[in-house]
Amino acid sequence: MKIKKTALAQGFIRCHDCGCLSKRADKNRPCPLCGGLLHPRLPNSFQRTAALLLSAFCLYIPANIFPIMTVTRLGVGEPHTIIGGIIALINGNMVPIAMLVLVASILVPLLKLLGISLLLLNVHYRWQSHAKKWTILYRIIAFVGRWSMLDIFMISILVSLVDMGSVAQVIAGPAATAFAAVVVLTMLAAKNFDPRLIWDNQR
Amino acid sequence: MNPTNFTACPECDLLLNPAEPVIGDKAHCPRCGYLLQRPRKQSIERTFALSIAGLILIFPANLMPLIGIKMLGGAKDGTLWSGVVALFDEHLWGVAVLVFLSSILFPLLNIVLSLLISAHLYFNQPSRHLARWMRWLQHMDEWAMLEVYMLGVIVACVKLAATSELKFGFGLYAFVALLIVTGMLASSLDKVLFWRQIGQLRK
């Protein structure tokens, strides 16, 4: 295969914000066009991504164990975990919506946690093959991240609408905070991961 | 070697000397497949027009009720804001702030910044803030989550439809229109072109 040259190897740094090229000697100085700080790669990308990912892993457990909301009807309270809410939807014959919530609140966060872990392993152990496929995995992770907020928005709507005192009430549970934190932390982890690290390791 | 004739791929750092893509074409990185640029017809004019439309629509979408509910004699209207307040009342401050940012503040700032930048470019008015606004806009992009919120509304409606009577408010229609406008706005804004114009105005 023809060896292709990176901008860094040619002595240039690409500005993260505006994309213009500067000389490598200008690193840590502001970009002449947009004023953002110039770095050859995102600073401490590996460490920051790993730290954010680890925090997300820890919070994923309370997010799934504790109730995410409690539905009270005529004084009888019924706490739901994320999985419990999905089972309730299936029992109510709302399978398509149940699948949607399953994908957005269980599969996407889980696959994102695993996917970012794999990307970090790839960079750490300098895996040599399929760099393009790894980059595509990174793109998918970065794209789907926000869709996990679905559950949080749904809860915010239910909590504000179903508020009829003792007749019917929806109260958000402690898992909501943990789950929201998982979503934000994994989004930040993906944002801090620099996919150029995958390519830098290719020989 | 003059760096202004070159760019680098943001995801694999390959040094590129791309030909200017024509409108309707897409420029991809030959190594990792990243979409480098997708020029749009009248990018600045359309961004300007669409951000004005967005700024008009964001008021009814925020202030008027999205959905109303009738349940066992009680009735209630829900707006974007009432969802935030309800979470705040239940002491879920973190979640309330997150919902506020991603469904109200960031979409608003997104539109305001697009309007400011495209208006300056349209009227050829240099401003020393342009590059800063453009950087803010890029960082804010993925945290504005109107389309995810819409999905949350749909799931909440399906959950409530079995036990209560739902009414769609005028705010919801404005919200859907806003969603379409912001989607078109995102695709009409050609970042490469905008940065180049900002650079030229500076000179």
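What follows is calculated from the coordinates using simple rules that are stated; it is not laboratory data. This one's a predicted model, so the numbers in the text were calculated from it and none came from an experiment. A quick note on method: Cβ atoms are made from the backbone with ideal geometry, for glycine too, and the neighbour counts reach across all protein chains shown.
Structure above, values below:
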quantity: Extended-chain gain in nm, criterion 0.36 nm per residue less alpha-carbon gap, A:His130 and A:Gln47; calculated: 27.6 nm
quantity: Euclidean distance of C-alpha centroids, the range A:121-163 and the range B:42-77, integer Å; calculated: 27
quantity: Local net charge near B:Asp190, Cβ-Cβ under 13 Å (Lys/Arg +1, Asp/Glu -1); calculated: +4
quantity: Under the Karplus curve 6.51 cos²θ - 1.76 cosθ + 1.60, θ = phi - 60°, whole-Hz ³J(HN,Hα) for the range B:39-46, x wherever Gly or Pro sits; calculated: x, 10, 5, 6, 4, 5, 4, 5
quantity: Sparse-neighbour loop sites [chymotrypsin sites (Phe, Trp or Tyr not before Pro); the range B:53-126; at most 13 other C-beta within 10 Å; DSSP]; calculated: B:Phe123
quantity: Zone residues, the range A:93-109, relative to A:Leu74, backbone N less than 19 Å from point 7 Å out along Cα-to-Cβ; calculated: none
quantity: The range A:45-100 versus the range B:189-203: alpha-carbon centroid distance in Å; calculated: 44
quantity: Tilt relative to chain A, helix A:82-91 - C-alpha long axis, 0 to 90 degrees, to 10; calculated: 60
quantity: Interchain or long-range residues, amide H under 5 Å from A:Met69's placed H; calculated: A:His80, A:Gly173
quantity: FRET efficiency for B:Leu193 and A:Val95, using Cβ-Cβ distance with R0 set to 45 Å, rounded to 0.05; calculated: 0.50
quantity: Restricting the range A:79-172 to trypsin sites (Lys or Arg not before Pro) in coil, as DSSP defines it, with at most 13 other Cβ within 10 Å; calculated: A:Arg126
quantity: Length released on extending from B:Val112 to B:Glu165, taking residue separation times 0.36 nm less the Cα-Cα span; calculated: 15.4 nm
quantity: Helix B:146-161 vs. chain B, principal-axis angle (Cα, 0 to 90°, nearest 10); calculated: 20
quantity: Calculated from backbone phi, Karplus (6.51, -1.76, 1.60) coupling profile of the range A:50-55 in Hz, x at Gly/Pro; calculated: 5, 5, 5, 5, 4, 4
quantity: Alpha-carbon centroids, the range B:83-108 and the range A:166-181: separation in whole Å; calculated: 13
quantity: Among B:Leu108, B:Leu179, B:Leu166, residue whose mean-square fluctuation peaks in a GNM of chain B (springs only between Cα atoms under 10 Å); calculated: B:Leu166
quantity: Crossing angle, helix B:170-188 versus chain B [Cα axis fit, 0-90 degrees, rounded to tens]; calculated: 10
quantity: In the range A:95-170, the chymotrypsin sites (Phe, Trp or Tyr not before Pro) that fall in loop regions by DSSP, at most 14 other Cβ within 10 Å; calculated: A:Tyr125
quantity: From phi via Karplus (6.51, -1.76, 1.60), per-residue ³J(HN,Hα) for the range A:157-163 in Hz, x at Gly/Pro; calculated: 6, 4, 4, 7, 7, 8, 9
quantity: P(r) tail fraction, the protein assembly as shown - alpha-carbon pairs more than 34 Å apart, %; calculated: 37
quantity: The range B:42-63 residues near the modelled B:Glu20 label - backbone nitrogen below 16 Å, point 7 Å along Cα→Cβ; calculated: B:42-44
